[in-house]
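Undergrad: Supplied in structure tokens, the structure appears directly below.
The values are calculated or read from the model by the stated rules, or taken from the named source; none is laboratory data. Owing to the predicted nature of the structure, the values given are computational and were not obtained by experimental measurement. Because the Cβ atoms are built from the backbone with ideal geometry, glycine has one as well, and the counts that use them run over all protein chains shown.
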Amino acid sequence: MNTRFIDTFVTLAQLRSFRATARALHATPAAISLRIKSLEAELQTELIDRASKEFRLTAHAEYLLGHAKAVVDATRRLQSAARKESAVRGRLRLGVIESVVHSWLAQYMRELNANYPELEIDLAVDMSHVLERRLRARELDLVIQVEGIDSNEIVSEALAIYPVHWIAKKGLLDTRKEGLTQRLLQTPILTFGRGTAPQRMLEEIVAKMANLAAIPLEQTRITCSPSVAAIVQLVRDGYGVAAIPSLFVAGLLDSGEFIELPVQPVPPSIIVSMCLHSNAEMLVHAAANTARLSCANYCAQIAPRYIEAVH
């Protein structure tokens, strides 16, 4: 729909004269009449009561006038915003989970610095539920966490999928022998911090696996840690098996020091999402767009075997 025609309708309703409207909009009366007829055809309704000797809007036009004014006002606000200085500057309060730290955060920060040199960044690294609470309290402007946030005031967008596997030090469990699942369940299982979505899902999987393997649930041991580095070191020391994305140990898998255990079911993938307030400032949207591109580039170029971009 041509917003110029809507603007013409609003102006005509105010001035109540085709000639006066033509002068105000620097057009001819014939052009104004043509715009109104085109708008009527698109709306499939008559706006001008042409049976009246005096200028008069139809009842339906009077009803639509408020909506038309809202469209015109919104268009003018959009044009005004577009004319504002485009430089992105100010302070961005960014919160990310550690999974992002161990993947594409460095690339993201480099691109933010290159694209927006006047942007200052305050970085917070924490668990998803803490980041969500701080975003809701407007202590953070943009967060990248596990899963989105269910809120009318917050926009959530999935960025990447991190497939999770059973990771162990080579030789810890003999994959050639039968009963691998039973032996895994009798080994400490390492996962993310307690209360996180991956930890809760792992608890459910372990309970089902233990039930199928006829192993008392109290005999299973799940060790939770918010530190990916700590989990990786414990696996390296032979402490237990980790349920983490293979991305975090790609080098150790490639070298043969770590292996992926062929145990089913595989823990569900981690979906990393970006969340920001729906009325966020331009600098936040600029940072969000850079995050979207940085994550996609990382997935496509650096770690296509271990991470998948949503877009």
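Undergrad: Would you confirm, using the coordinates I've provided, whether Tyr116 is at pLDDT 95 or above, in the same structural domain as Glu132 (by TED's automatic domain parsing) and buried (at least 18 other Cβ atoms within 10 Å of the Cβ)? Break it down into steps so the answer makes sense when it comes.
TA: On the way: at pLDDT 95 or above: no; in the same structural domain as Glu132 (by TED's automatic domain parsing): yes; buried (at least 18 other Cβ atoms within 10 Å of the Cβ): yes.
Here the answer is no, as Tyr116 does not meet what is asked.
Undergrad: Check every one of the strands (runs of 3 or more DSSP E) wholly within region 121-212 and list those with 3 or more residues that are among the small types (Gly, Ala, Ser) and either crowded, with 17+ Cβ neighbours inside 10 Å or not assigned by TED's automatic domain parsing to the domain that holds Pro226 (or both).
TA: 154-162
Undergrad: Exactly one condition in (1) under 20 Å from the mean Cα position of the chain (by Cα); (2) in a strand (DSSP E or B) is not met by Asn297; state its number.
TA: For Asn297, the failing item is (2).
Undergrad: On to the next question. Only residues in region 245-274 that are on the phi > 0 side of the Ramachandran plot count as the first member; pair them with residues that are assigned to a loop (DSSP other than H, G, I, E, B), Cβ under 7 angstrom, at least 6 apart or cross-chain, and list the lot.
TA: Gly256/Lys170
Undergrad: Could you list, in sequence order, the residues of region 262-292 that are in a loop (DSSP other than H, G, I, E, B) and polar (S, T, N, Q)?
TA: Gln264, Ser269, Ser278, Asn279
Undergrad: Moving on to the next point. Taking region 20-39, which residues are free of Cβ contacts under 8 Å to residues at least 24 places away in the same chain, surrounded by fewer than 18 Cβ atoms within 10 Å (Cβ to Cβ) and among the small types (Gly, Ala, Ser)? Spell out the reasoning first.
TA: If we filter region 20-39 for residues that are free of Cβ contacts under 8 Å to residues at least 24 places away in the same chain, which is where we start, we get 20-31, 33-34, 37.
Restricting the remaining residues to those that are surrounded by fewer than 18 Cβ atoms within 10 Å (Cβ to Cβ) gives 20, 23-31, 33-34, 37.
Correct list: Ala20, Ala24, Ala27, Ala30, Ala31, Ser33.
Undergrad: Report, by residue number, each residue of region 245-260 that is at pLDDT 95 or above and buried (at least 20 other Cβ atoms within 10 Å of the Cβ).
TA: Phe258
Undergrad: What pairs come up if the first residue lies in region 106-118 and is touching a residue at least 40 places away in the same chain (Cβ under 8 Å), the second is of a type in the set (Phe, Trp, Tyr) and in a helix (DSSP H, G or I), and their beta carbons are under 7 Å apart, counting only those six or more places apart or on different chains?
TA: Gln107/Tyr298
Undergrad: Within region 40-54, is there a residue that is touching a residue at least 60 places away in the same chain (Cβ under 8 Å) and either among the β-branched types (Val, Ile, Thr) or not assigned by TED's automatic domain parsing to the domain that holds Arg200 (or both)?
TA: Checking region 40-54: not a single residue is touching a residue at least 60 places away in the same chain (Cβ under 8 Å) and either among the β-branched types (Val, Ile, Thr) or not assigned by TED's automatic domain parsing to the domain that holds Arg200 (or both).
Undergrad: Would you confirm whether any residue within region 248-255 is outside the structural domain of Ile97 (by TED's automatic domain parsing), more than 30 Å from Arg91 (Cβ to Cβ) and outside any helix (DSSP H, G or I)?
TA: no
Undergrad: Tell me the helices (runs of 4 or more DSSP H) entirely within region 18-113 that contain at least 1 residues that are out of contact with any strand residue (DSSP E or B) (no Cβ under 7 Å at 6 or more places or on another chain).
TA: Because the criterion is at least 1 residues that are out of contact with any strand residue (DSSP E or B) (no Cβ under 7 Å at 6 or more places or on another chain), the helices (runs of 4 or more DSSP H) in region 18-113 that meet it are 18-24, 29-43, 59-83.
Undergrad: What are the residues in region 9-19 that are farther than 10 Å from Val72 by Cβ and surrounded by 16 or more Cβ atoms within 10 Å (Cβ to Cβ), if any?
TA: Those that are farther than 10 Å from Val72 by Cβ and surrounded by 16 or more Cβ atoms within 10 Å (Cβ to Cβ): Leu12, Ala13, Leu15, Phe18.
Undergrad: Let me ask you something else. Of all the residues that make up region 198-239, how many are over 28 Å from the mean Cα position of the chain (by Cα), under 29 Å from Val272 (Cα atoms) and not small (Gly, Ala, Ser)?
TA: Within region 198-239, residues that are over 28 Å from the mean Cα position of the chain (by Cα), under 29 Å from Val272 (Cα atoms) and not small (Gly, Ala, Ser) number 13.
Undergrad: Just one of the numbered conditions (1) of a type in the set (Val, Ile, Thr); (2) modelled with pLDDT of 95 or more; (3) in contact with a Ser or Thr (Cβ under 7 Å, 6 or more places away or on another chain) is not true of Val146; which one?
TA: (2)
Undergrad: Is one or more of the residues making up region 6-14 closer than 30 Å to Glu281 by Cα and not acidic (Asp, Glu)? Walk me through it before giving the result.
TA: The initial filter retains those residues of region 6-14 that are closer than 30 Å to Glu281 by Cα, namely 6-7.
Still in the running and not acidic (Asp, Glu): 6.
Scanning region 6-14, I find at least one residue that is closer than 30 Å to Glu281 by Cα and not acidic (Asp, Glu), so the answer is yes.
Undergrad: Which numbered condition in (1) among the acidic types (Asp, Glu); (2) under 30 Å from Ala210 (Cβ atoms); (3) within 21 Å of the chain's Cα centre (by Cα) is the only one that Glu281 fails?
TA: (2)
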